[in-house]
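Let me begin by presenting the structure, written as structure tokens, before commenting on it.
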Amino acid sequence: MNFKKSIGIIAMTGLLMTGLVGSVSAADSNADSKTLDFPITEPTVRLISNVIYEQVPSRGYDNVAMGMDVLKPERNEKMPAIVFVTGGGFINANKDNCIQQRMDMANAGYVVASITYRVAPTATFPQPLEDVKAAIRYLRAHADKFNINPKKIGIMGGSAGGYLSAMAGTTNGTKQFDKGEYLNQSSDVQAVVDFYGLSDLTRVGADYSEKVQEAHKSPGATEALWVNGSPVFGGKDGGILVDSEKAKAANPITYISDKTAPFLLMHGDKDTVVSPSQTELLHQALIAHGIEATRYIVKGAQHGGVYWNQPEVMQKVIDFFDKHLK
């Protein structure tokens with residue numbers, strides 16, 4: 001047998017052996033495999049980022065863009081939507097926040113739009129509320145694009161975002177805060193979730209020490225900048241108590257009517273930033289006006305943090321929105 005033929009036989013034998021070994025491995029692998037068989041319960045969710053919902057004047061600029069990130073479940077039927085209003089102490093508004101909460105709602109079948117809005121000290125109330133209402137109108141105007149049922153829009157936020165959500169829900173049926181585009185669309189919402197939000201800005205520190213309460217009377221307190229603005233940018237100098245009428249006008253309790261949306265309020269009993277009595281004041285006012293409202297105290301929860309991502313909290317939120325939006 002010549003050398004070339006020997007090499008060929010050896011190579012063929014190697015290939016056959018490799019095939020044999022491969023067949024055995026595949027058989028062994030199949031023998032060890034397990035089966036997963038389950039119904040589809042969660043949709044695929046798309047992220048549509050940096051959607052510009054309005055352009056507004058700010059600090060001498062005529063067209064500062066306000067954006068939203070939209071989580072859009074892939075479903076055939078029209079879905080309810082949730083406008084998610086991030087917190088930030090009245091001085092920040094980062095729409096990237098709270099992705100776990102937003103994904104929980106998207107997985108439950110909601111289009112979720114997390115928004116930016118103008119903040120203090122360069123903006124003052126009611127400009128941020130005007131932004132929130134502009135976002136609601138934008139979603140209604142583009143309901144087909146995002147596969148939204150325009151009759152079913154809720155709103156949710158924490159801290160300053162909870163406050164703005166409350167303002168949006170209590171001002172249903174009014175037009176005084178509707179500015180900008182798509183004014184043929186309603187800015188009303190059908191349900192509100194308020195996590196540890198403010199209500200009476202003159203009493204934010206009411207549950208805390210005298211030192212903290214005095215700090216909230218300072219011109220530098222962010223609720224004062226929110227209402228009065230900064231003297232540097234043409235605002236009024238002084239703390240939140242310097243203009244009682246403006247403070248009252250920035251209180252959601254002022255606007256409660258028979259058109260106010262139903263509320264779910266939650267507050268942590270370990271919150272050291274916003275007094276838990278803030279959501280209690282609003283809760284009692286809603287009940288007194290005959291508005292459906294439920295309030296939970298979350299044991300151990302601080303102002304933000306891991307408690308607010310837990311299934312026990314988020315299931316209450318989803319159940320509430322399901323009741324009113326589905």
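Cβ-Cβ distance below 9 Å, separation of 6 or more or different chains: which pairs start in region 207-232 with a residue that is without any contact (Cβ under 8 Å) to a residue 12 or more places away in the chain and end on one that is part of a helix (DSSP H, G or I)? Within 9 Å, the pairs are Q213/R203. All of H324, H289, H283, H303 fail the test of being of a type outside the set (V, I, T) and without any contact (Cβ under 8 Å) to a residue 24 or more places away in the chain, apart from H283. Condition check: more than 18 Å from the chain's Cα centre (by Cα), more than 21 Å from A224 (Cβ to Cβ) and in the same structural domain as Y196 (by TED's automatic domain parsing). Does G169 satisfy that? Considered against the rule, which asks whether it is more than 18 Å from the chain's Cα centre (by Cα), more than 21 Å from A224 (Cβ to Cβ) and in the same structural domain as Y196 (by TED's automatic domain parsing), G169 comes out as no. Starting from residues that are surrounded by fewer than 16 Cβ atoms within 10 Å (Cβ to Cβ) and among the acidic types (D, E), keep the ones in region 267-326 and report whichever is nearest to G87 (Cα to Cα). The extreme case among them is D269. Residues to consider are K299, K259, K246, K236; find the one that is assigned by TED's automatic domain parsing to the domain that holds R59, closer than 20 Å to A191 by Cα and of a type in the set (K, R). Just a single option satisfies the conditions, and that option is K259.
From the list A65, A123, pick out the single residue that is assigned to a loop (DSSP other than H, G, I, E, B), among the small types (G, A, S) and more than 30 Å from Y307 (Cβ to Cβ). Explain how you work it out, then say what you get.
Values: A65 fails: assigned to a loop (DSSP other than H, G, I, E, B).
From the options A65, A123, the qualifying one is A123.
Restricting attention to region 165-191, the residues being touching a Phe, Trp or Tyr at 6+ places or on another chain (Cβ under 8 Å) and under 17 Å from A250 (Cβ atoms) number 6.
Checked against (1) without any contact (Cβ under 8 Å) to a residue 24 or more places away in the chain; (2) of a type outside the set (S, T, Y); (3) crowded, with 19+ Cβ neighbours inside 10 Å, V189 passes all but condition (1). Touching a Gly at 6+ places or on another chain (Cβ under 8 Å) and either more than 15 Å from Y196 (Cα to Cα) or small (G, A, S) (or both): does that describe L325? Considered against the rule, which asks whether it is touching a Gly at 6+ places or on another chain (Cβ under 8 Å) and either more than 15 Å from Y196 (Cα to Cα) or small (G, A, S) (or both), L325 comes out as yes. Look through region 247-256, keep the residues that are free of Cβ contacts under 8 Å to residues at least 60 places away in the same chain and buried (at least 16 other Cβ atoms within 10 Å of the Cβ), and return whichever of them is nearest to K217 (Cα to Cα). Result: A247. Within region 224-251, being in contact with a Ser or Thr (Cβ under 8 Å, 6 or more places away or on another chain) and part of a helix (DSSP H, G or I) holds for A224, L225, W226, V227, N228, F233, I240, L241, S244, A247, K248. Taking region 157-187 as the range and being within 20 Å of E292 (Cα to Cα), touching a strand residue (DSSP E or B) at 6+ places or on another chain (Cβ under 8 Å) and not polar (S, T, N, Q) as the test, the residues that pass are G157, G158, G162, Y163, L164, A166, A168, G169.
The values are calculated or read from the model by the stated rules, or taken from the named source; none is laboratory data. Being a predicted model, the structure only gives us computed values, none of them experimental. Cβ atoms come from the backbone with ideal geometry, glycine included; neighbour counts cover every protein chain shown.
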